[in-house]
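**Student:** Let me give you the structure first, and then I'll get to my questions.
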Amino acid sequence: LRKKREWKQQYANVCNKRTKAKNRIRDRQYALRTMQEMTDFEFERMFRVTRSGFSKLLQIIKPDMDRSELRAIASSGSAITDVAALGATLRYLAGGSYLDIAAFFGLDSVNFFNKNYVVWRVFDAINTRLPLGFSLDPEYLEQTAKEFSTYSHGRMKGCVMAIDGWVCKTRQPRKAEVGLCVSSYRNRKHCWGIICLAGCDARCRFNLFASKWSGGTHDYLAWETCAFKKILEEQLPEPYYVIGDEAFVNTDNFLIPWSGRSLGLWKDSYNYHLSAMRQCIERAFGILTKRWGIFWRPLECQHKRWSQVCMVAAKLHNFCIDEKIDMPLGKYREDVFPGDVHEVIMNNENRDGLTQEERNLMRSSGERNTRQAITNKMQLNGWQRPLHARVNSKA
């Protein structure tokens with residue numbers, strides 16, 4: 001028996017020698033040299049941030065960067081630098097193919113979507129280090145309300161956030177990932193996805209972003225289960241409020257448009273000025289999806305990473321606004337490949353399974369005085385919808 005075990009061991013050693021591939025020595029300095037030789041325009045096109053923004057972002061996340069690269073040194077001859085790790089992550093968010101990213105930065109393409117891969121460790125660092133939240137500081141609320149009021153020509157004061165839902169397209173989830181809830185990820189826009197409920201200020205900077213709902217969830221249900229809703233109702237002081245579209249329910253601190261037609265001159269004027277402020281959140285979604293090409297096609301990473309990808313992209317969106325990194329229209333049109341579609345799929349149709357009578361009952365029960373008071377003020381001051389915009393009037 002001992003000799004038999006020895007023969008088996010010898011045979012296994014011979015098979016391993018035949019099948020085991022040699023370690024591949026990768027030139028990881030090539031990418032760093034190429035990045036240094038790029039012009040500023042090429043660098044921003046490739047990584048969606050400026051050189052100074054790249055350096056500042058690297059310094060912010062460096063304390064949380066995982067430097068356990070002994071395995072990389074043993075297998076490939078050199079460590080993966082922080083610059084290469086961040087560059088690969090930004091290229092992935094920008095829409096680059098994981099095969100091209102791995103080849104350019106000298107990484108392993110086989111394990112790209114593994115949970116311990118270098119790109120996902122950078123995602124964790126960015127998610128930890130970059131803040132995203134809403135401040136209840138009186139000075140911040142006053143300044144934000146002032147910026148929003150400029151869109152309504154000073155006729156609506158007190159708005160501090162515009163809220164809406166966005167559908168992030170994904171691949172079809174597997175039963176092993178979501179159980180029997182696969183069909184709940186099918187959105188009414190005829191795509192698979194998750195719902196991102198977001199709110200922004202007048203500069204299109206996100207101060208609320210959550211993406212924990214399946215693609216078939218209605219905006220109203222997402223808002224009802226959002227933790228920020230309770231904070232808004234209990235802590236937002238008067239006279240401040242947030243705004244949304246008709247998918248939500250009107251309350252004293254959450255204003256939505258008047259629904260229906262033949263509204264009258266002043267309700268129609270209220271809807272126009274509210275819409276002028278609410279366009280900030282739609283522009284924010286447009287800038288987000290235009291900058292990060294990963295949203296030009298369905299997400300293909302692991303299901304548990306979908307929400308994190310959206311959150312990290314939103315935080316980097318805020319970082320770019322703070323660093324004044326512009327986003328001109330059509331700047332990245334040459335990066336679109338066959339099959340890529342740049343579109344912002346909003347989740348704002350009133351198809352939540354409720355009848356019109358039920359929705360009216362819900363709105364009337366939650367509605368108080370703020371919306372009617374603003375409408376009355378417009379009538380008192382004679383603030384009508386501008387002449388150039390009356391072609392879309394519902395008065």
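The values are calculated or read from the model by the stated rules, or taken from the named source; none is laboratory data. Owing to the predicted nature of the structure, the values given are computational and were not obtained by experimental measurement. For neighbour counting, all protein chains shown are included, and Cβ atoms are generated from backbone atoms with ideal geometry for every residue, glycine included. We work out accessible area using only protein heavy atoms, side chains counted, and drop any ligands, DNA or RNA first. Shrake-Rupley method; radii C 1.70, N 1.55, O 1.52, S 1.80 Å.
**Student:** Taking the stretch 339-394 as the search range and keeping residues that are closer than 23 Å to LEU197 by Cβ, among the hydrophobic types (A, V, I, L, M, F, W, C) and modelled with pLDDT of 70 or more, which one is surrounded by the most Cβ atoms within 10 Å (Cβ to Cβ)?
**Tutor:** So the residue we want is ILE345.
**Student:** State all residues of the stretch 304-314 that are open to solvent by 20 Å² or more (accessible area, probe 1.4 Å) and under 15 Å from ASN207 (Cβ atoms); if no residue qualifies, say none. Don't jump to the end; show me each part of the working.
**Tutor:** Keep residues of the stretch 304-314 that are open to solvent by 20 Å² or more (accessible area, probe 1.4 Å), which gives 304-305, 307-308, 311.
Selection gives MET311 alone.
**Student:** Right, next: Being within 23 Å of the chain's Cα centre (by Cα), closer than 30 Å to ILE231 by Cα and among the hydrophobic types (A, V, I, L, M, F, W, C), is that true of even one residue in the stretch 102-124?
**Tutor:** yes
**Student:** Among the listed residues ALA145, ALA162, which satisfies the condition of being assigned to a helix (DSSP H, G or I) and crowded, with 17+ Cβ neighbours inside 10 Å?
**Tutor:** Values: ALA162 fails: assigned to a helix (DSSP H, G or I).
Unique residue meeting the criteria: ALA145.
**Student:** Still on this model: If you go through the stretch 187-233, how many residues are at pLDDT 90 or above and either in a loop (DSSP other than H, G, I, E, B) or of a type in the set (Asp, Glu) (or both)?
**Tutor:** 13
**Student:** Restricting attention to the stretch 313-338, which residues are part of a helix (DSSP H, G or I) and modelled with pLDDT of 80 or more?
**Tutor:** Of all residues in the stretch 313-338, those part of a helix (DSSP H, G or I) come to 313-322, 333-335.
Correct list: ALA313, ALA314, LYS315, LEU316, HIS317, ASN318, PHE319, CYS320, ILE321, ASP322.
**Student:** Can I ask one more? Only residues that are of a type in the set (D, E, K, R), over 21 Å from the mean Cα position of the chain (by Cα) and surrounded by fewer than 18 Cβ atoms within 10 Å (Cβ to Cβ): list them for the stretch 222-264, please. I'd like the intermediate steps shown before the answer.
**Tutor:** Taking the stretch 222-264 as the starting set, the residues that turn out to be of a type in the set (D, E, K, R) are 224, 229-230, 233-234, 238, 245-246, 252, 261.
Within this subset, residues satisfying the condition of being over 21 Å from the mean Cα position of the chain (by Cα) are 230, 233-234, 238, 246, 252, 261.
The answer is LYS230, GLU233, GLU234, GLU238, ASP252, ARG261.
**Student:** What is the one condition in (1) surrounded by 16 or more Cβ atoms within 10 Å (Cβ to Cβ); (2) touching a strand residue (DSSP E or B) at 6+ places or on another chain (Cβ under 7 Å); (3) of a type outside the set (Gly, Ala, Ser); (4) under 22 Å from ILE281 (Cα atoms) that TYR185 does not satisfy?
**Tutor:** In the conditions (1) surrounded by 16 or more Cβ atoms within 10 Å (Cβ to Cβ); (2) touching a strand residue (DSSP E or B) at 6+ places or on another chain (Cβ under 7 Å); (3) of a type outside the set (Gly, Ala, Ser); (4) under 22 Å from ILE281 (Cα atoms), TYR185 misses (4) alone.
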